[in-house]
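To start, the structure itself, in structure tokens.
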Amino acid sequence: MLSILGHGRSPFCDGMTRRDTLRLGALTLGGLTLPELLRAEQIAGIRKSHKAVIMIYMCGAPGHQDMYDLKMEAPAEIRGEFQPIPTSVPGIEICEHMPRMAAIMDKCVPLRSMYGSPDGDHDSFICYTGRSKRNQPAGGWPSMGSAASKTLGATNKAVPPFVGLSPDCGHPPYGSPGLPGFLGIANAAFRPSGPASADMTLQGISSDRLNDRQALLTSVDRLRRDMDSKGILEGLDTLSQQAFNILTSSALVNALDISKEPEAILARYGKGDANRFGDGAPRNLEHFLMARRLVEAGCRVVTLNFGRWDFHSDNFNGMKNTHLPQFDQGLSALIEDLHLRGMDKDVAVIAWGEFGRTPRINPDAGRDHWPQVGGGLLAGGGFRTGQVIGATDRLGAEISERPVHFSEVLAALYRHLGIDPDATKLNDLGGRPQYLLEKTTPMPELV
């Protein structure tokens with residue numbers, strides 16, 4: 001195991017202090033921080049572009065008719081208490097509690113006719129794979145992040161191609177970053193908050209030496225040379241190799257350190273609530289910013305989870321007092337930031353849950369599970385934005401126009417990454433070649 005020998009107050013579970021971590025993250029080339037290097041490369045025109053996807057999983061499934069598909073002509077027991085507001089795109093209206101998203105609707109694509117969840121169970125699986133858990137091949141279906149890791153690999157050896165920011169949740173599927181399935185643990189998400197992080201520390205380098213950047217960098221260079229000369233690097237398994245690459249570069253640590261951002265950017269994203277909401281996820285707005293920094297540093301797929309939208313009771317207070325305003329702030333900040341940085345064509349963003357909610361409000365002022373139709377939102381990716389795809393009937397109960405399956409959206413995202421889901425086959429654990437998706441119908445509306 002690689003370990004950093006450290007000491008000090010308030011250590012993390014692996015013995016590192018926050019100060020040690022920040023010092024490690026401060027290691028740079030020529031005195032420049034990672035953001036400064038990235039900006040310099042952009043100005044010089046030498047930074048290599050890569051395609052990436054950020055996926056926000058909305059644990060527990062939000063009500064489509066309370067966000068992007070309000071039904072004002074329906075009876076009161078169906079339409080609820082929220083009012084629509086106009087957006088930057090004439091004719092498109094969304095919930096009054098999402099004013100920041102309304103202002104940038106020209107950069108977005110609301111999806112009002114999502115379907116595909118076979119039974120209405122709470123599970124993030126369909127969001128990450130586009131498939132049902134039924135009749136899986138040997139090893140199980142892989143998530144999009146794992147498929148991208150396997151087929152495309154890393155853009156930078158020090159930055160994992162697939163990062164899952166989702167912390168563990170009381171309901172395990174809420175905390176899943178997307179599983180590797182038959183592609184194996186080598187293509188699993190790197191989880192900064194996961195159990196593997198405790199094993200990724202450098203051995204033989206004391207915290208005192210962290211005070212001298214050049215001494216630490218020299219030691220790392222010597223460590224690399226010594227290991228290479230003995231042929232040890234070739235013998236490390238994939239995970240150990242990834243850990244070594246991460247530890248001998250500051251790229252990932254810098255990307256995760258949002259304190260490097262200007263105060264105005266930090267304020268724009270906000271903090272939200274880092275505490276877990278029930279058995280769901282935190283409403284951690286800093287993860288939106290961290291996701292942007294990760295794709296900027298080289299990640300291909302970043303997943304994160306947000307809140308717990310399973311409001312079987314007190315739906316409208318839960319939505320308007322916590323979830324909607326914070327989600328509105330974090331998602332709009334991310335989309336605006338990508339555009340301001342010229343990353344909007346390279347980075348696609350998808351935000352969705354596993355299904356929709358019942359049209360009729362129940363006696364507890366909540367909405368129950370409704371797998372018949374749900375919603376979501378796309379942005380970036382060079383897609384044709386400023387439009388709505390799909391529609392439901394006047395009660396929001398059934399799809400009336402353009403049904404959109406989860407796998408169709410994932411097919412568009414795969415193509416954005418440069419992976420052809422119609423041509424790409426990967427072997428399952430039984431040696432049988434498998435397509436990534438069952439339905440790969442192109443979405444011509446996005447082109």
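The values are calculated or read from the model by the stated rules, or taken from the named source; none is laboratory data. What you are looking at is a predicted structure, and each value in this text was computed from that prediction instead of being measured. Note that we place each Cβ from the backbone using ideal geometry, even for glycine, and neighbour counts take in every protein chain shown.
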Pairs where the first residue, in segment 244-256, is farther than 12 Å from ASN156 by Cα and the second is surrounded by fewer than 19 Cβ atoms within 10 Å (Cβ to Cβ) and of a type in the set (Asp, Glu), C-beta under 9 Å, 6+ apart: THR248/ASP221
Test result for LEU233, of a type in the set (A, V, I, L, M, F, W, C), surrounded by 17 or more Cβ atoms within 10 Å (Cβ to Cβ) and modelled with pLDDT under 55: no
Residue count, segment 365-388 (criterion: over 20 Å from the mean Cα position of the chain (by Cα) and not in a loop (DSSP other than H, G, I, E, B)): 2
Residues of segment 382-397 satisfying the condition of being closer than 13 Å to HIS416 by Cβ and either without any contact (Cβ under 8 Å) to a residue 40 or more places away in the chain or acidic (Asp, Glu) (or both): GLY382
Residues located in segment 333-353, provided they are of a type in the set (Val, Ile, Thr) and part of a helix (DSSP H, G or I): ILE335
Those residues of segment 381-404 which are closer than 21 Å to MET55 by Cβ, crowded, with 19+ Cβ neighbours inside 10 Å and of a type outside the set (Phe, Trp, Tyr), in sequence order: GLY381, THR385, VAL388, ILE389, GLY390, VAL404
Breaking point among (1) touching a Lys or Arg at 6+ places or on another chain (Cβ under 7 Å); (2) more than 14 Å from ASP69 (Cβ to Cβ); (3) not aromatic (Phe, Trp, Tyr), for ALA351: (1)
Residue that is farthest from the chain's Cα centre (by Cα), among those in segment 86-116 that are under 19 Å from GLY330 (Cα atoms) and of a type in the set (Val, Ile, Thr): THR87
Condition met for GLY298 (modelled with pLDDT of 95 or more, at positive phi and in contact with a strand residue (DSSP E or B) (Cβ under 8 Å, 6 or more places away or on another chain)): yes
Selection count where residues are small (Gly, Ala, Ser) and in contact with a strand residue (DSSP E or B) (Cβ under 9 Å, 6 or more places away or on another chain), scope segment 333-355: 3
Selection count where residues are in a loop (DSSP other than H, G, I, E, B), within 22 Å of TYR128 (Cα to Cα) and among the aliphatic types (A, V, I, L, M), scope segment 389-437: 5
Test result for ARG308, closer than 28 Å to GLY380 by Cα, buried (at least 21 other Cβ atoms within 10 Å of the Cβ) and among the charged types (D, E, K, R): yes
Scan of segment 62-96 for residues that are over 21 Å from VAL404 (Cα atoms) and touching a Pro at 6+ places or on another chain (Cβ under 6 Å), ordered by number: ILE78
Odd one out for LEU256 among (1) at pLDDT 95 or above; (2) under 18 Å from ALA333 (Cα atoms); (3) not β-branched (Val, Ile, Thr): (1)
Positions within segment 254-300 being among the β-branched types (Val, Ile, Thr) and surrounded by fewer than 21 Cβ atoms within 10 Å (Cβ to Cβ), in sequence order: ILE258, ILE265
Test set (1) surrounded by 16 or more Cβ atoms within 10 Å (Cβ to Cβ); (2) within 22 Å of the chain's Cα centre (by Cα); (3) in contact (Cβ under 8 Å) with a residue 24 or more places away in the chain - PRO421 fails condition number: (3)
Residue selected from segment 158-191 under the condition small (Gly, Ala, Ser) and buried (at least 24 other Cβ atoms within 10 Å of the Cβ), by the criterion nearest to VAL295 (Cα to Cα): GLY164
Test: residue in segment 358-372 that is surrounded by fewer than 24 Cβ atoms within 10 Å (Cβ to Cβ), within 23 Å of SER49 (Cβ to Cβ) and not hydrophobic (A, V, I, L, M, F, W, C): no
